[in-house]
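Okay, structure first, notes after.
The values are calculated or read from the model by the stated rules, or taken from the named source; none is laboratory data. Remember, it's a predicted structure, so these values are computed and weren't measured experimentally. A quick note on method: Cβ atoms are made from the backbone with ideal geometry, for glycine too, and the neighbour counts reach across all protein chains shown.
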Amino acid sequence: MRTVYLDNNATTAVAPEVVKAMEEYFTAEYFNPSSAYDRASPAAQAIKQAREIVARFLGGVDSSEILFTSCATESLNAALFGAVRANPARRHVVTTAVEHPAVYEVCKDLARSGLDVTFLPVDRAGSLDVRAFIQALRPDTLIVAVMHANNETGVIFPVEQLARITKETDPAILFLTDATQTAGKLPLDLCGALRHVDLLAFSGHKLHAPKGVGALFVRRGTPIRPFMIGGHQEGGRRAGTENVPYIAGLARAVELAQRDHDTVETRIRRLRDRLENELLARLPCVEINGERAPRIPNTCNISVHFIEGEGMLYQLNEHGICASSGSACTSGSLEPSHVLRAMRVPFTAVHGSVRLSLGRYNTDEDVNHALDVFPDVVANLRRLSPYWDAAHDRPRPEAEAMMQGT
Ligand code: PLP
């Protein structure tokens, strides 16, 4: 059976060019980059070069401002816990109600340990209210953590503006952004539009590098304490023998993302828009979550009223389509996603949401296959759905009121 992979926000296929770039560091150049003998210098050189490539990718920052980590979760944990440990006098954190658990759960943990955390709400479109953001900043605010784009809906937050406002309010407040879903999709210019951002995290496996490598940008002078201690690696700021092949792979993936950005983005956006428009045209009672906000070009989060997302995923899987019902971490659980709940997606839709996320290897044939399968899956499930029957047996205004959650 043909596999159609529409879950690129969960992970991406490792690019063949990336595999090739990694190979020699598994084989001939396996040495520990910290070793003093000459044979280890290609490994050390590979890390140095990778750091320079990632620094260029982030708008030409200094390579000493890049730390390699094992994933975005580690980068985000290191940034948040590291900031808290370095700045005990400030006890307030600002974040949003729709962050990935790598920030959301850390902030909940910080709240449990006595910090005051403001979780900013979003509106029905998934957008933040900038005025509420301004009001949330306080004299004791330590750090702001706002994601660049949401992993479930693709909604982009105005991080440039929020970081500028933060620094204008109080230059000592740190600004962290989770760019895991935007690295390779949106420009990350930390010397230009994002110059007020102090800390930025992303992960290799969302942009065709392997799972197990990530990066954290730490602007020079940012007060954070190391999260991993026990070695001198990464300037003593992230201990542990470096994963040389994966770091080389991350650098190659970043180069590919930069080289092909315009063509890949145009193609993916066209595929996503076609998929979305056709689904909206063919299916009654569906809506796109985040449609009214600016979104990254690859993500379609569709709510199909009156049926279960899990049922859809199961049947899509039977037809070789890989999709997800939220973040990779929440799928598999029947709890509605905290992101859609924060957007106040009505009851009849919150359980029937599916995320379709495209990537550089998707084709028109993939979209055709999804369009062949998806409407049939929905029709099958709706035939079995008591909610759908109930909605249909009622006069139209009542059915619509059910869809609005009123
Ligand atoms: N942040 C966002 C927005 C994500 O989408 C993800 C992964 O889904 C993460 C953080 C965590 O990334 P990693 O799996 O590399 O730890």
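Sort out which residues of the stretch 179-211 are within 10 Å of the chain's Cα centre (by Cα) and not hydrophobic (A, V, I, L, M, F, W, C), and write them in order of number.
Within the stretch 179-211, T180, Q181, T182, S203, K206 meet the criteria.
Does the stretch 25-48 hold any residues that are under 22 Å from S63 (Cβ atoms), free of Cβ contacts under 8 Å to residues at least 60 places away in the same chain and assigned to a helix (DSSP H, G or I), and which are they?
Answer for the stretch 25-48, where residues must be under 22 Å from S63 (Cβ atoms), free of Cβ contacts under 8 Å to residues at least 60 places away in the same chain and assigned to a helix (DSSP H, G or I): A40, S41, P42, A44, Q45, K48.
Can V19 be described as touching a Gly at 6+ places or on another chain (Cβ under 9 Å) and either part of a loop (DSSP other than H, G, I, E, B) or more than 15 Å from the ligand (Cβ to nearest atom) (or both)? Break it down into steps so the answer makes sense when it comes.
On the way: touching a Gly at 6+ places or on another chain (Cβ under 9 Å): yes; either part of a loop (DSSP other than H, G, I, E, B) or more than 15 Å from the ligand (Cβ to nearest atom) (or both): yes.
So V19 fits the description; yes.
List pairs: first in the stretch 68-85 and closer than 16 Å to A209 by Cα, second away from the ligand (no atom under 15 Å from the Cβ) and part of a helix (DSSP H, G or I), Cβ under 7 Å, 6+ apart or cross-chain?
Matching pairs, first to second residue: F68/E234.
Which numbered condition trips up S63, out of (1) under 26 Å from G221 (Cα atoms); (2) within 16 Å of the ligand (Cβ to nearest atom)?
Checking S63 against (1) under 26 Å from G221 (Cα atoms); (2) within 16 Å of the ligand (Cβ to nearest atom), the one that fails is (2).
Here's a check for you: in the stretch 75-95, which residue that is surrounded by fewer than 22 Cβ atoms within 10 Å (Cβ to Cβ) and within 16 Å of the ligand (Cβ to nearest atom) is farthest from the chain's Cα centre (by Cα)?
First, the residues of the stretch 75-95 that are surrounded by fewer than 22 Cβ atoms within 10 Å (Cβ to Cβ): 77, 81, 84-92.
Now restrict to residues that are within 16 Å of the ligand (Cβ to nearest atom): 77, 81.
Details: N77: 15, F81: 20 Å.
It comes out as F81.
Which residue pairs have Cβ atoms closer than 6 Å, lie 6 or more positions apart in sequence or on different chains, and pair a first residue in the stretch 1-19 that is at pLDDT below 95 with a second residue that is not in a helix (DSSP H, G or I)?
M1/G320; R2/G320
Quick one: is L6 under 24 Å from the mean Cα position of the chain (by Cα) and within 21 Å of A201 (Cα to Cα)? Write out each step before concluding.
Values: under 24 Å from the mean Cα position of the chain (by Cα): yes; within 21 Å of A201 (Cα to Cα): no.
Against the criterion (under 24 Å from the mean Cα position of the chain (by Cα) and within 21 Å of A201 (Cα to Cα)), L6 does not qualify.
I'd like the full set of residues that are assigned to a loop (DSSP other than H, G, I, E, B) and over 30 Å from H261 (Cβ atoms), limited to the stretch 225-243.
Those that are assigned to a loop (DSSP other than H, G, I, E, B) and over 30 Å from H261 (Cβ atoms): R225, P226, F227, M228, I229, G230, G231, H232, Q233, A239, G240, T241.
For S325, work out the one condition from (1) within 15 Å of the ligand (Cβ to nearest atom); (2) closer than 19 Å to V367 by Cα; (3) modelled with pLDDT of 90 or more it doesn't fulfil.
(3) is the only condition that S325 fails.
For every residue, the table says whether it meets (1) farther than 21 Å from S70 by Cα; (2) touching a residue at least 24 places away in the same chain (Cβ under 8 Å); (3) touching a helix residue (DSSP H, G or I) at 6+ places or on another chain (Cβ under 7 Å).
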| position | (1), (2), (3) |
| --- | --- |
| G192 | yes, yes, no |
| V197 | yes, yes, yes |
| F202 | no, yes, yes |
| K206 | no, yes, no |
| A239 | no, no, no |
| E242 | no, yes, yes |
| G249 | no, yes, yes |
| E255 | no, yes, yes |
| T263 | yes, no, no |
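Which ones in the stretch 49-59 are surrounded by 20 or more Cβ atoms within 10 Å (Cβ to Cβ) and outside any helix (DSSP H, G or I)?
Result: L58, single match.
Picking from F68, F57, which residue would you name as being at negative phi and within 16 Å of the ligand (Cβ to nearest atom)?
Values: F57 fails: within 16 Å of the ligand (Cβ to nearest atom).
Unique residue meeting the criteria: F68.
Looking at this structure, is I165 of a type outside the set (D, E, K, R) and farther than 26 Å from R225 by Cβ? Please lay out each step first, then the result.
On the way: of a type outside the set (D, E, K, R): yes; farther than 26 Å from R225 by Cβ: yes.
Taking the combined requirement at face value, the residue satisfies it.
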